[in-house]
Structure formats: C-alpha cells, structure tokens
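What follows is a short report on a single structure.
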Amino acid sequence: MRNVTLEKLFVHPIVQKYVGRSGIAHAISVAEKAFYIAKDTDENPDLAAKAGFLHDIGHYKWYENGEWNFELYKENDIHAIKGAARAHKLLVRCGEDLQDAKAIALAILLHTDSYLPEGKLELSPLQQIVARADEADEEPGGAHHYRIIDYQPALERIKRLDIKIDNLNESKNLEHTS
Ligand SMILES: [Fe+2]
C-alpha cells in the first residue's frame, strides 16, 4: 500500500491552488505520461506519476497589465526550485516516505533547465521521465497551461491512475514472490 495516493494530493487545497495555477489538465497528462514511461522502463510508477503531477506546482504568474509576460518569466522564473520545495513540504505533511519525497522533489527541481546556467546535467532515470513527460505534453506558446478540465472528470482520471499504479505495483510484487 502506498502512504500517499494521487487522489490524496489532488484534493489537497495546496494542490488545487498551485497546480490549478499552472493547469490541472497539463498536470494530469504529465502524470499519466510519466506513469507509462516508468512502466515501460521499469522505473517506479508511483514516484514518476507523483512527480509528473506536481512538477509545475511552483509556478508564479508573470502578469503585467493583465497579460502574461514571457520575457519577465524567462528572466525571473524559478518555478522548478519553488515547486521542489513546495511539493516536498506537501508530501511530507501528507505522510510520504522521506526518501520518496526527496526523489520526487529532485525530479521536480530538474524537470527543466531553463532557470539554470548553461551546462549539461546528468539526470537519473526518474528525473528523465518527468522531463520527457512534460516535454511530450507541451504546446506552443505555453498553451498547455491553459487547457481546462472540470474538477470531477479530473478527479476520475486521477483515481484511474491510482488504480493503475496499485495494479502495477501488485503485479511486480507477485513477480518477486513467485
Ligand atoms: Fe510543465
């Protein structure tokens, strides 16, 4: 059994506020994509889905006179840093295993290098999964942040993903014990 489900995170007011800011629909898509990549590559599907779901929880809205200012964002954004810290605090409060909370926070910290000085990063498999899932869901002009999904269908998708993670974990456990 997992300590913290995606559903528990989804209904949390902190998630509704901050993930809502950067787009619940995008967050769910990235969680689903991260789950499937983890499944195909034999990485931890629970950590991948959670990091995918929370990866943009640190976004700040760079508005100027009611309009998104991309230049302002590019110059000043640290959403991956804020997101890693915010997600970590939330996960620990919800009862996540501390090693898992750290792995998820690091995957969020490194899901983009847009805020980092030039250079090459050596990413772990989990960190690569979240970055790839995010890239796969991106739309030109940041449109992926504005896709809309209602609360109820969003919650249903999250619950389905929870079941998929549980089923996969269960089948992996059976493999180990047989
Ligand atoms: Fe994203």
* Asked: Going highest first, how would you order 70-77, 36-43, 84-91 by mean Cβ packing within 10 Å?
  -> 84-91, 36-43, 70-77
* To do: Give me the angle, in degrees from 0 to 90, between the Cα long axis of helix 151-177 and the longest principal axis of the Cα atoms of the chain, rounded to the nearest 10.
  => 40
* the chain: angle of helix 13-22 to the longest principal axis, Cα-based, in degrees nearest 10 -> 60
* Hits among lysines - C-alpha to C-alpha of LYS74 under 23 Å, sequence gap 8 or more where chains match -> LYS17, LYS61, LYS82, LYS120
* Structure fact -> Calc'd 3J(HN,Hα), the stretch 129-135, phi into Karplus 6.51 cos²θ - 1.76 cosθ + 1.60 (θ = phi - 60°), Hz, glycine/Pro = x, comes to 4, 5, 4, 5, 5, 5, 4
* Asked: How far is helix 98-109 tilted, in degrees, relative to the longest principal axis of the Cα atoms in the chain, given as a value from 0 to 90 rounded to the nearest 10?
  -> 40
* To do: Would you mind working out the magnitude of the charge dipole of the stretch 1-141 relative to its Cα centre, with +1 at each Lys and Arg C-beta and -1 at each Asp and Glu C-beta, to the nearest 20 Debye?
  => 680
* **Radius of gyration and Dmax over the Cα atoms of the stretch 49-109, both given in Å** => 13.4, 43
* Structure fact -> Per the charge dipole of the stretch 1-133 (beta-carbon charges, Lys/Arg positive, Asp/Glu negative, Cα centre), the residue among ALA87, SER29, VAL11 reaching farthest to the positive end is VAL11
* Could you calculate the FRET efficiency of LEU168 with ILE14 from 1/(1 + (r/R0)^6), where r is the beta carbon distance between them and R0 is 45 Å, rounded to 0.05? => 0.95
* Charge dipole of the stretch 84-178 about the Cα centre (unit charges at C-beta), most positive-ward option of ASN167, SER114, GLY141 -> ASN167
* Asked: Based on the mean of other beta carbon atoms within 10 Å per residue, what is the order of 48-54, 148-154, 19-25, most packed first?
  -> 48-54, 19-25, 148-154
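Readers should treat all values here as calculations from the given coordinates under stated rules, not as data from a laboratory. All values derive from a computational prediction rather than experimental measurement. Cβ atoms come from the backbone with ideal geometry, glycine included; neighbour counts cover every protein chain shown.
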